[in-house]
Amino acid sequence: MATFEDLMKLDIRVGEIIQSEFFEKAKKPAYKLWIDFGEEIGLKKSSAQITDCYSSEELIGKQVLGVINFPPRQIGGFMSEVLVLGTYSTQGVVLIQPEQLVKNGDKLG
């Protein structure tokens, strides 16, 4: 069973998607995302399988939650540095977002 201490090992932050494009080389449909996590963390990249629920264009400007302290993963020639969080729902993966506009880099607590 996971403990509270296990959860606290994850560094989950708010970032704003500033660029999105379809990931041609991904095995499953996905987008390449560039996410601004604020001054302290900066710009990070992620590959996200969220094409069922979002168009590339509508992702721009959305704030999302991402785990920033996992090791980077090479995916089809693209280095994914962040795990963007979402729910596996009937309609596809739905992003987890703050209810209100917050500062990029804010930490989940």
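The values are calculated or read from the model by the stated rules, or taken from the named source; none is laboratory data. Computed from a predicted structure; not experimentally measured. A quick note on method: Cβ atoms are made from the backbone with ideal geometry, for glycine too, and the neighbour counts reach across all protein chains shown. Accessible surface areas use protein heavy atoms only, side chains included; no ligands, DNA or RNA. Shrake-Rupley method; radii C 1.70, N 1.55, O 1.52, S 1.80 Å.
Mind putting a number on the dipole of the chain about its Cα centre? Charges go on the C-beta only, +1 for Lys and Arg and -1 for Asp and Glu, and I need it in Debye to the nearest 20.
For this selection, approximately 380 debye.
So, in the chain, how many Lys pairs have Cα atoms under 14 Å apart, if the pair is 8 or more places apart or on different chains?
4
Would you mind computing, in nm to one decimal, how far apart the modelled labels at ASP6 and TYR88 are, each placed 7 Å from Cα along Cα→Cβ?
1.7 nm
Could you list the GluC sites (Glu not before Pro) in the range 1-31 that lie in coil according to DSSP, counting only those with at most 15 other Cβ atoms within 10 Å of their Cβ?
Passing both the DSSP loop test and the Cβ count: GLU24.
Under 5 Å between amide hydrogens, which residues at least 5 positions from PHE23 or on another chain qualify, with H placed 1.01 Å from N in the peptide plane?
Amide H neighbours of PHE23, under 5 Å, 5+ apart: ALA30, TYR31, LYS32.
Could you provide, to the nearest whole Å², the per residue accessible area of the chain with probe 1.4 Å?
Accessible area per residue, the chain: 65 Å².
Once mean projected area of the Cα convex hull in nm² is worked out from the coordinates, which option in [x] 7.6; [y] 6.9; [z] 8.6 does it equal?
Among [x] 7.6; [y] 6.9; [z] 8.6, the one calculated here is [x].
Of all the accessible heavy-atom surface of the chain, with the other protein chains kept in place and a 1.4 Å probe, what percent is carbon and sulfur?
In the chain, the share of accessible area belonging to carbon and sulfur is 52 percent.
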